[in-house]
Amino acid sequence: MEITGGREAATQGEAKEWYRQFTARSASVALARRQVGKVLERWGYAREDIDRVVLVTSELATNALVHGRVAGRRWEVRLIRIENGCLVEVSDANSRMPQRKTPDEEDEYGRGLLVVAAVADGLGHRERRDLGKTVWARLSQSVPEAPERREEPERREEPEESAERQKREKREKRQKREEPGEE
């Protein structure tokens with residue numbers, strides 16, 4: 001898959017959109033992953049789909065941080081739910097366009113765009129009007145479930161609730177032992 005410029009993927013069937021800027025620190029990539037996962041959960045995407053979008057976000061965000069960093073500038077992530085999929089856009093202030101490399105077996109770096117290309121249906125980039133570039137990836141998704149149809153996670157007792165429940169159960173057992181038995 002070739003990395004291409006262009007706007008075609010960024011304008012198809014927008015239904016929902018999420019956007020956030022991040023500071024140029026390594027911890028911001030982990031924060032972006034967590035935020036993207038939470039957004040997709042709210043939108044009702046399946047776990048497998050969330051994991052793929054989070055992986056793509058992580059790779060593109062790392063590239064923005066490592067290769068697109070401009071002093072005093074932030075980078076940003078945008079998620080757009082499109083028909084039967086999700087569009088991930090990561091923008092930074094550096095106008096140098098990404099270039100896929102063919103890393104050697106021993107190279108520690110240079111595989112991010114290869115990973116994205118392997119899991120995405122489309123991958124490209126474009127210049128931004130004001131400054132820098134946007135790198136995007138389009139991923140097919142299973143149809144999102146309506147959040148109200150999703151099963152609620154099993155509720156766990158808080159420690160205080162558990163202690164109260166245990167006290168109540170002990171009291172009930174004691175009362176049963178103290179009741180006169182039928183003879």
(request) Considering only region 80-102, state which residues are farther than 20 Å from Leu131 by Cβ and open to solvent by 10 Å² or more (accessible area, probe 1.4 Å). (result) Arg81, Ile82, Glu83, Asn84, Arg100, Lys101, Thr102
(request) Look at Glu41 and say whether it is at pLDDT 90 or above and assigned to a strand (DSSP E or B). (result) no
(message) Here's a check for you: in region 67-79, which residue that is over 30 Å from Ala46 (Cα atoms) and hydrophobic (A, V, I, L, M, F, W, C) is least open to solvent (accessible area, probe 1.4 Å)?
(response) Val70
(request) Looking only at region 118-141, decide whether some residue is over 22 Å from Thr62 (Cα atoms), at pLDDT below 85 and open to solvent by less than 80 Å² (accessible area, probe 1.4 Å). (result) yes
(request) Scan region 49-65 residue by residue and report those that are among the hydrophobic types (A, V, I, L, M, F, W, C), open to solvent by less than 30 Å² (accessible area, probe 1.4 Å) and in contact (Cβ under 8 Å) with a residue 40 or more places away in the chain. (result) Val53, Val56, Leu60, Ala64, Leu65
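The values are calculated or read from the model by the stated rules, or taken from the named source; none is laboratory data. Fair warning: this is a prediction, and the values are worked out from it, not measured in the lab. Here the Cβ is made from the backbone with ideal geometry for all residues, glycine too, and neighbour counts use every protein chain on show. Each accessible area value is taken on the protein alone, full model and side chains, heavy atoms only, with ligands, DNA and RNA left out. Shrake-Rupley method; radii C 1.70, N 1.55, O 1.52, S 1.80 Å.
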